[in-house]
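Read through the structure below, which is laid out as structure tokens, and then see the notes.
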């Protein structure tokens with residue numbers, strides 16, 4: 001189950017979807033929302049995983065979502081997504 005990161009590097013106006021361990025982006029988008037949607041779709045197609053959303057401009061992780069059919073042993077009580 002691959003994990004994906006949604007990032008916005010400093011000096012960039014594009015959001016990137018990067019598979020954990022990869023050097024190149026799997027996809028780019030104009031908005032964070034669109035990049036998050038793409039990352040969740042990629043994770044679901046690969047059998048589930050985590051999507052980690054970073055703060056803008058290379059910031060730390062601000063949110064993480066488990067994408068089905070991945071098994072989260074400690075599922076959060078997240079009502080935002």
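The values are calculated or read from the model by the stated rules, or taken from the named source; none is laboratory data. Note that this is a predicted model, so its numbers are computed, not measured. Methodologically, a virtual Cβ is constructed for each residue, glycine included, from the backbone with ideal geometry; neighbour enumeration extends over all protein chains shown.
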Self-check item: Whichever residue in region 64-81 is surrounded by 11 or more Cβ atoms within 10 Å (Cβ to Cβ) and closer than 17 Å to residue 2 by Cα and, among such residues, is modelled with the lowest pLDDT
Solution: 72
Quiz item: Can you name the number of the only condition in (1) under 10 Å from the mean Cα position of the chain (by Cα); (2) at negative phi; (3) surrounded by 14 or more Cβ atoms within 10 Å (Cβ to Cβ) that residue 34 fails?
Solution: (1)
Practice problem: Just name the residue that is modelled with the highest pLDDT out of those in region 52-63 that are surrounded by 13 or more Cβ atoms within 10 Å (Cβ to Cβ) and in a loop (DSSP other than H, G, I, E, B). | Solution: 55
Exercise. Scan region 1-51 for residues that are touching a strand residue (DSSP E or B) at 6+ places or on another chain (Cβ under 8 Å), under 18 Å from residue 61 (Cβ atoms) and in a loop (DSSP other than H, G, I, E, B) and report the count.
Key: 8
